[in-house]
Amino acid sequence: MSKLPDTFLWGGATAANQVEGGYQEGGRGLANMDVVPQGPDRFSYMFGDVSDLSFKEGRHYPALNSIDFYHHYKEDIRMMGEMGFQVFRMSISWSRIFPKGDEEEPNEEGLRFYENVFQELKKYHIEPLVTICHYDFPLYLVTEYGGFKNRKLIEFYKRYVTVLFKRYKGLVHYWLTFNEINDSVILPYISAGVLIDPGEDRDVQTYQAAHHLLVASAWAVKIGHDIDPENKIGNMVCAGEWYPYTCAPADVFQAITNNRHLYFFTDVQARGAYPSYGIKELERKGIKIPFEEGDKEILRDNTVDFLSFSYYATHVVSADEKINADIAENPLATLDNPYLGPVKYKRQDDPMGLRITLNTLYDRYQKPLFIVENGTGAVDELRNETVEDDYRIDYFRKHIQALKDAVLLDGVELLGYTSWGCIDLISASSAQMSKRYGFIYVDLDDEGKGTYKRYRKKSFYWYKKVIASNGEDLD
Ligand code: BG6
């Protein structure tokens with residue numbers, strides 16, 4: 001095969017908490033990210049290390065309005081159609097469907113909003129790829145139930161997904177259960193709606209939540225297949241290999257250990273059981289996974305149809321504590337890689353790393369893959385109603401070439417590619433607008449000021465050409 005298959009899906013990705021806004025519209029309830037302000041303390045929230053979730057005077061809460069996709073979706077989808085998108089990854093705001101999360105009946109207005117969005121996508125022959133939960137939990141489930149630390153959340157999630165699968169049957173065929181589920185043990189508030197109780201062991205709390213997320217995810221696969229056997233349901237992880245600092249065997253083994261923190265999740269979701277190395281590590285840490293009757297069977301019988309992942313960068317780790325000292329305290333940190341270019345937003349671009357990730361995941365599971373996030377944050381300058389973003393084009397050119405190599409030279413089965421933040425949106429980590437990812441520029445600044453007007457960047461026309469040629473024309 002010398003060309004990508006005709007069925008390959010090209011498009012872009014967003015998440016409700018980073019684009020939608022309209023937080024008081026259509027009966028929506030507050031969500032966990034609504035109350036996370038911009039500023040240096042943002043990570044304390046994401047790590048679950050705060051106790052007060054009230055709005056503070058004078059702080060900026062970007063998720064409340066985001067880029068106002070709620071009111072601009074027709075215009076935005078029209079522009080995606082113009083680029084030739086065949087797929088659009090978006091997420092549903094759980095609190096738009098169940099404002100508090102524990103209601104018996106869903107909110108009709110919320111359901112209608114997404115139905116309108118899906119109908120609009122249909123006009124342009126764009127397939128929705130729906131993340132059921134992308135960093136997005138009704139705030140009430142966090143404050144009243146403790147998020148996914150509480151097993152009751154599995155039942156609320158089951159009710160939520162049942163409503164979605166029934167209502168959108170025939171309109172949506174591709175689903176993802178939880179965004180970056182592996183982040184739940186690192187960033188429990190954003191990924192699992194969990195605040196850490198300082199009186200208890202952190203790992204015990206996060207792995208308890210992770211187990212509930214994994215069981216809930218398997219239930220979603222089962223419910224989705226029962227309601228419509230045509231549904232294709234995938235997981236979603238934050239990927240990117242850990243490289244050893246040197247070829248010393250101890251460094252190599254340390255890299256294996258770090259990579260297993262990702263495989264722990266993909267093994268459960270794609271193979272249907274907790275892996276032996278994971279069980280051993282949890283035993284060593286004194287963590288008892290709260291298995292209940294039926295959990296093992298539900299995990300075993302409901303593995304995902306495909307694996308999806310975000311890819312931004314690779315990481316480097318050493319077995320030597322002194323070398324690792326700078327990163328030991330921060331689970332998101334990595335040593336610099338001297339073979340890669342400059343560090344930008346704490347990441348080093350590594351297109352070959354994408355080929356490596358595709359190969360390792362495909363070798364391990366032999367299931368179809370889907371790249372559902374990839375991109376680079378950059379500060380853009382709007383001039384004459386456009387942005388000359390050659391740096392972005394260069395990034396995508398190299399990464400798309402790498403995915404083509406994985407498919408055409410290595411035989412990886414890849415369903416499609418959705419670039420992250422196809423339209424500028426609020427950054428999850430920094431909450432900035434100025435860290436832009438899109439092909440479409442949105443006139444909004446870091447303080448939430450601007451006209452919300454949309455402009456086509458140079459990369460908009462470049463990506464259109466890429467899609468039209470099914471990845472052949474990358475010039
Ligand atoms: C992924 C998330 O981890 O990275 C997205 O799924 C996020 O929600 C993306 O936006 C890029 O990270 P950031 O912090 O630059 O927005």
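Just so you know, all these numbers are worked out from the coordinates, no wet-lab data involved. Everything numeric here is computed off the predicted structure, so don't read it as measured data. Cβ sites come from the backbone with ideal geometry, for glycine too, and all protein chains shown count toward neighbours.
Annotations
- Solvent-free Debye calculation, one equal scatterer per alpha-carbon of region 353-465: log10 I(q)/I(0) at 0.11, 0.16 Å⁻¹ equals -0.42, -0.76.
- Under a model in which nothing but the beta-carbon of Lys, Arg (+1) and Asp, Glu (-1) is charged, region 214-355 shows a dipole of about 200 debye around its Cα centre.
- Segment E25-E230, extension gain: residue separation times 0.36 nm, minus the distance between their alpha carbons: 70.5 nm
- Projected over every direction and averaged, the convex hull enclosing the alpha-carbon atoms of region 9-468 yields 20.8 nm².
- Ranked W242, W420, criterion: other C-beta atoms within 10 Å, fewest first: W242, W420
- Here K166 is the anchor, and the aspartates and glutamates within straight C-alpha reach of less than 13 Å, apart from those fewer than 8 places off in the same chain, are E115, D226, D228, E230.
- In terms of distances greater than 22 angstrom between alpha carbons, the cross-link table entries K122/K464; K346/K398; K232/K465 yield K232/K465.
- Here's the picture: charge each Lys and Arg Cβ at +1 and each Asp and Glu Cβ at -1 in the chain, and of V35, T257, G416 the one pushed furthest to the positive end of that dipole is G416.
- Farthest toward the positive end of the dipole of region 27-128, out of P128, M80, S91, is the Cα of M80, where the dipole comes from beta carbon charges about the Cα centre.
- Ordering of 278-285, 3-10, 216-223 by burial proxy (mean other Cβ atoms within 10 Å per residue, highest first): 216-223, 3-10, 278-285
- Footprinting exposure proxy for Y311, Y362 (fewest neighbouring C-beta atoms within 10 Å first): Y362, Y311
- Take each peptide in 127-135, 465-473, count the other Cβ atoms within 10 Å of every residue, and average; sorted highest first, the result is 127-135, 465-473.
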